[in-house]
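Down below is the structure, laid out as C-alpha cells.
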Amino acid sequence: MIAGVSQPPVTAFVHARVFDGHRHRGEVGAVLVQEGRVVAVGEDVPAGARVVECAGGLLLPGFVDAHVHTVQGGLERIRCDLSDGRTREDYLARVADHAAAHPADPWVLGGGWGMSAFPGGTPTAADLDTVVADRPAFLPNRDHHGAWVNTRALELAGITAATPDPPGGRIERDPTGAPTGTLHEGAMALVAALLPRTLDTDYDRALLEGQRHLHSLGVVGWQDAIVGSYAGMDDPGPAYVRAAERGDLTGHVVGALWWDREQGAEQVASLVERRAAYTHGRFRATSVKIMQDGVAENFTAAMNAPYLDRCGHVTANRGHSFVDAAALGQYVALLAASAFQVHVHAIGDRGVREALDAFEGLPAGADLRHHVAHLQVVDPADVPRFAALGVAANAQALWACHDDQMDELTLPFLGPERSAWQYPFGSLHASGARLVMGSDWPVSSPDPLAAIHVAVNRWDPEDGDPGRPFLPEQAVSLETAFAAYTSGSAWVNHRDDAGTIAPGAVADLVLLDRDPFAGELASVAGARVVSTWVDGTPVHET
C-alpha cells in the first residue's frame, strides 16, 4: 500500500465453505476480492471491507455453460413458453392462454414442448387447431430438431401429401401421406421461411431476459452454440454486439458462428470477417459450430448400425450425417488454420466418430480447444480418442437419466448394446478426457445444479426414480462434475484466469445456500443460488 493513496474497497466472503474449481477445500477462511479479482484466500478480513456473510454455504467459481442458446431461450420466455409443461393438456392450455392474451399477433410463436407428451413424440395440427385456428402457429420442441404447426401454417407453406420431404428433413404423415403437424429437421424451414421478422428490440429483450435467467442460476458466462440464422431465428450476433456496446452484457460469452451446411469451404472467409465484426467487450465470436447429425428420438442422429423399428427389427435407416465425413475433415482443417475453435454437435456413434476423425489429422501445437457436444451414443472404441486428440467432451449431463423420452423414444430403437453406450461420462473421465458441461437450454433446463445432480446420481431430480439410475457405472464424482461446469467450461472458452478461486483469478463467483459436499448426493439439486458475481460485482442476489 502506498502511503496517502486510498485503495479500492475489498469484498470479504466470510464463513464460506469453498470449492476452488478443482477440489472441495471446505472451510478455508475469508476469500478477499478487490478490483474484480480474488486477492487472497484464507486471510483476515481487513478493516473497512464489505463483508458478505456466507453462513456455511458453498462459495465456488461461477458456472460456465459450454453449450447454450441464450437468445433463443430468452425469446421463448417472452413468447409462448412451453418449457415447464409436461402433458399434451398442459401445452394446449398454455397455447390457448397465450393466443388469447396476444390477439393482434399474426403468428403464435414460442416453443419448448417435450416429445414424450405425445404418442410417438409427434403432436398434431388437429390438436393445435382446437386452441388456435385463426392464424398460423410455429412451435419448436425442446431440442429444436422438430416443430409443431397447425393447419393454417401447413396451408400457408403449401405442405400437402404431394410435398416431398426436403433434404435432411422429414414431414410427419398419416397413412394416406397427408401431413399431420410435426416437421422434423430440415422440414421446419418450409414454415420457418414464412415467419414474420423478429425485431431487433425483441432480440435485445430476449438476450437480457436469457442473461437474467442464467445469472439467477449461478451462470457467469457461456458459449452460445448457434450464432447464425437457424430454424426461423435471425443471427443473434448483432444483439450480443449491441449489448456489449451498451454495457448490458454482464456475462462473458463466446459465440460459436454457425457453419452453413448448404455451403462449403468458401464460407470460411466470411466467418473470419464476422469474427472481427462481432468481437467486442465481453463477447468474442471465436468458435465455429458444425451440426454433424440430428437426434436419436427422430432417427436423424448418425449411427454406425441401423435403427430398430418398434418391433425390434432392423431398419434401413442409419440417420443423417449433415456434413459429408470427408468434407468435414477438410472444413475442420481450414477452420483450425484460421485460428477458430471448432464445436461439433454429435449425438450418434457415427457422428461422434466422424467428428473425431476430422480432428485426427490436425497439426499439433495450436491451442484451439476443440470440443464435441452431446455425446449421447459413443462407441467404446472411440472413448480414449478424446484424450489422445486433446478434444474436450462437452456433456449435457441432465439428459443421462431414465425419463419418458429415453424409455419410450430412444431405448427401443437403439437396442441393448448401443443403449449401454449412452452418455459415458465416467469412461471419458477415466480415460483422461477433459470434461466440460453445458445445458443446451432451451432444449433442457439451464440449471447447473440439476445437471450436476444427474452427472453424479444418473437419475432426474424432478421425477426420476433413485432406485433406477441410468447406467450408474458412468456416474462421475461430485468434484469432477463441479469442475467440469466451472474450470472445465471456463477453459474451453479460453478464460484461463477464470473458473477458479485462487489469488489473481477473476472474481466470477457463485454462493450457494448450502454445501452439497456436506450432504447426501441425492440432495445435490436441492441447493439454491444466493448470489452470483461477475468481475467482483453482484449480478444476481436473492
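The values are calculated or read from the model by the stated rules, or taken from the named source; none is laboratory data. Small disclaimer: the values here were computed from a predicted structure and weren't measured. We place every Cβ from the backbone using ideal geometry, glycine too, and count neighbours over all the protein chains shown.
Results, tabulated for the structure shown:
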quantity: Helices (runs of 4 or more DSSP H) contained in the stretch 82-196 and holding at least 2 residues farther than 30 Å from H345 by Cα and among the hydrophobic types (A, V, I, L, M, F, W, C); calculated: 88-101, 125-129
quantity: Pairs where the first residue, in the stretch 521-542, is without any contact (Cβ under 8 Å) to a residue 40 or more places away in the chain and the second is of a type outside the set (D, E) and buried (at least 20 other Cβ atoms within 10 Å of the Cβ), C-beta under 6 Å, 6+ apart; calculated: P538/S531; E541/S531; T542/V530
quantity: Some residue of the stretch 482-504 being more than 29 Å from L368 (Cβ to Cβ) and either modelled with pLDDT under 95 or in a loop (DSSP other than H, G, I, E, B) (or both); calculated: no
quantity: Unique match (being surrounded by 24 or more Cβ atoms within 10 Å (Cβ to Cβ) and either in contact (Cβ under 8 Å) with a residue 24 or more places away in the chain or on the phi > 0 side of the Ramachandran plot (or both)) among D460, D465, D440; calculated: D440
quantity: Residue that is crowded, with 21+ Cβ neighbours inside 10 Å and assigned to a strand (DSSP E or B), where the choices are A66, A40; calculated: A66
quantity: Per-region count, the stretch 219-264, residues assigned to a strand (DSSP E or B), over 26 Å from G294 (Cβ atoms) and touching a His at 6+ places or on another chain (Cβ under 9 Å); calculated: 3
quantity: Of all residues in the stretch 41-73 being at pLDDT below 95 and under 19 Å from the mean Cα position of the chain (by Cα), the one that is farthest from Y203 (Cα to Cα); calculated: G73
quantity: Residue that is nearest to S116 (Cα to Cα), among those in the stretch 399-425 that are in a helix (DSSP H, G or I) and in contact with an Asp or Glu (Cβ under 8 Å, 6 or more places away or on another chain); calculated: Q405
quantity: Yes/no for S216 being within 19 Å of the chain's Cα centre (by Cα) and among the polar types (S, T, N, Q); calculated: yes
quantity: Extreme residue, modelled with the lowest pLDDT, among residues of the stretch 154-200 that are of a type in the set (D, E) and assigned by TED's automatic domain parsing to the domain that holds T130; calculated: E185
quantity: Whichever residue in the stretch 421-450 is of a type in the set (S, T, Y) and over 23 Å from N141 (Cβ atoms) and, among such residues, is nearest to the chain's Cα centre (by Cα); calculated: S427
quantity: Where a residue in the stretch 162-174 is touching a residue at least 60 places away in the same chain (Cβ under 8 Å) and its partner, wherever it lies, is surrounded by 15 or more Cβ atoms within 10 Å (Cβ to Cβ) and part of a loop (DSSP other than H, G, I, E, B), with Cβ under 7 Å and at least six apart; calculated: G168/H320; G168/F322
